[in-house]
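The values are calculated or read from the model by the stated rules, or taken from the named source; none is laboratory data. Because the structure is a prediction, the values reported are computed rather than measured. Glycine also receives a Cβ, built like all others from the backbone with ideal geometry; neighbour counts cover every protein chain displayed.
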Amino acid sequence: MKPRALACLLALSFAVSVQADVPWLPPGFPPKPAAGPALTQGNYLKPEQGRAVLDAALKQFPDRASWEAYAAHLRTRIQQGANLSPWPKRTPLNAVVRQRRTHDGYSVENVAFESIPGYFVTGNLYRPLTARGPLPVILSTHGHYRAITKPEDYDNHARFSPTMQSRCASLARMGAVVFSIDMFAAGESMAIFGADAHKQPLAITLQTWNAMRALDFLLSLEGTDATRVAVSGESGGGTQTFLLTALDPRVTVSAPVVMVSSYFFGGCACESGLPLHRSADHFANNAMIAALAAPRPLLLVSNGKDWTQHNPEIEFPFLQKIYAYHGARDQVANVHLPDEGHDYGPSKRAAVYRFFADKLRLNLAAVQGADGKIDESRVTLEKAAQLRVFTAEFPIPHNALHDAASVRARLISLQQ
């Protein structure tokens with residue numbers, strides 16, 4: 001067959017295929033839109049529909065071989081849906097690491113790197129003072145915070161928040177190299193792009209790519225262990241956690257906090273503004289995306305006052321069955337806090353510390369009191385001004401891109 005004829009045939013077959021819908025979805029499922037991307041935003045399903053989807057998936061993929069075939073297909077569709085296919089070319093990170101401070105058992109440094117030329121990812125690097133390498137690495141992502149109305153609000157915002165500092169410092173004291181990064185147009189990134197830029201679907205693309213490049217940075221550091229790589233974040237940071245874990249095989253342990261749901265898909269464009277979950281030939285809710293971690297260790301932390309309230313009876317049993325396909329049922333866990341709400345509070349952090357201590361071989365005793373309870377009192381909380389990379393003395397570089405359109409164009413140029 002001539003190449004032109006073959007191309008026409010393939011185009012025709014694709015056109016036919018996109019008219020179909022995923023055949024195994026349960027009755028009463030919301031139809032795809034007649035035109036445009038098939039987005040699944042916010043409370044796209046009811047809890048009973050989410051359960052029905054997971055039940056239907058287990059029936060459609062009843063063993064390891066069938067699930068792994070579909071899992072490979074999901075990874076491809078998620079990458080395409082995130083506008084990351086083909087993967088962009090990896091360019092030099094040109095990392096800046098500055099202003100080292102030492103505290104009780106750990107140090108903190110302010111970091112920026114270029115995930116693509118001219119786009120600066122900002123964060124903080126926490127390192128243990130006495131642990132000997134090779135050391136495990138942990139990427140720490142964050143969710144959404146209240147709007148900034150006055151300068152002091154930054155002290156409780158994004159990667160500057162006491163919650164983020166407490167978990168990063170504690171994990172560093174336990175013996176890990178920990179890196180916290182800003183969401184696109186949040187935290188320090190807000191000063192470069194403005195807060196409104198975060199509401200664009202481009203945020204999914206950038207945050208996923210930024211997380212992958214953050215692993216590049218962490219694993220480039222001397223004395224780090226590429227066989228022990230973890231990620232954890234809450235809410236929108238939980239979305240970043242399971243997307244990175246699904247797409248990057250370097251992640252060996254993950255802990256998405258207060259986010260994994262079978263019926264809620266994320267209320268921000270940075271989570272559900274692109275067709276990651278649904279196309280003409282795939283569907284996956286966030287529990288199914290989380291299942292792409294199997295057989296790598298996975299901890300769900302859930303609570304009774306948000307969309308993770310059903311984890312013990314809906315999402316977690318599904319994940320146990322997927323992990324059982326791999327002979328790894330004991331590698332997935334759920335800590336459910338029925339009286340708590342949507343945060344990464346002390347009891348949730350404690351659950352992650354214990355899980356990571358076990359799976360990454362960390363020193364849990366470094367954050368335990370005499371009674372065995374988690375004690376974070378030795379963490380020094382810094383102000384946002386101390387944690388910023390860019391200051392009046394060290395300004396944003398002259399080559400920095402300052403608008404989403406320029407970043408999008410630069411990213412696309414790396415996919416040629």
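Points to keep in mind about this one:
- Subset of region 104-143 [polar (S, T, N, Q) and modelled with pLDDT under 95]: 130
- Residue list for region 63-78, restricted to those being among the aliphatic types (A, V, I, L, M) and in contact (Cβ under 8 Å) with a residue 24 or more places away in the chain: 71, 74, 78
- Here residue 51 does not qualify as in a helix (DSSP H, G or I), out of contact with any strand residue (DSSP E or B) (no Cβ under 8 Å at 6 or more places or on another chain) and closer than 19 Å to residue 243 by Cβ.
- Here residue 322 passes the criteria (1) buried (at least 23 other Cβ atoms within 10 Å of the Cβ); (2) part of a loop (DSSP other than H, G, I, E, B) except the one numbered (2).
- Of all residues making up region 104-122, the number that are more than 18 Å from residue 243 (Cβ to Cβ) and either of a type in the set (Ser, Thr, Tyr) or touching a strand residue (DSSP E or B) at 6+ places or on another chain (Cβ under 9 Å) (or both): 13
- Region 267-309 - residue that is modelled with pLDDT under 95 and of a type in the set (A, V, I, L, M) and, of those, farthest from residue 77 (Cα to Cα): 269
- Screening residue 380 against (1) assigned to a loop (DSSP other than H, G, I, E, B); (2) touching a helix residue (DSSP H, G or I) at 6+ places or on another chain (Cβ under 9 Å); (3) more than 17 Å from residue 167 (Cβ to Cβ) leaves a single unmet condition, (3).
- Residue in region 168-179 that is at pLDDT 95 or above, surrounded by 24 or more Cβ atoms within 10 Å (Cβ to Cβ) and closer than 18 Å to residue 114 by Cβ present: yes
- Selected residue [more than 28 Å from residue 353 (Cα to Cα) and touching a strand residue (DSSP E or B) at 6+ places or on another chain (Cβ under 8 Å)] from 181, 192: 192
- The listed residue being free of Cβ contacts under 8 Å to residues at least 60 places away in the same chain and in contact with a Leu (Cβ under 8 Å, 6 or more places away or on another chain), out of 296, 278, 250: 250
- Considered as a group, the residues in region 376-404 that are loosely packed, with under 15 Cβ neighbours inside 10 Å and touching a Gly at 6+ places or on another chain (Cβ under 8 Å) include one that is modelled with the highest pLDDT, and that residue is 378.
- Remark: residue 115 matches the filter, which requires a residue to be of a type in the set (Gly, Ala, Ser) and in contact with a Lys or Arg (Cβ under 8 Å, 6 or more places away or on another chain).
- Set side by side, the residues 330, 358 differ, and just one is in a helix (DSSP H, G or I), in contact with a Phe, Trp or Tyr (Cβ under 9 Å, 6 or more places away or on another chain), surrounded by fewer than 20 Cβ atoms within 10 Å (Cβ to Cβ) and not hydrophobic (A, V, I, L, M, F, W, C), which is 330.
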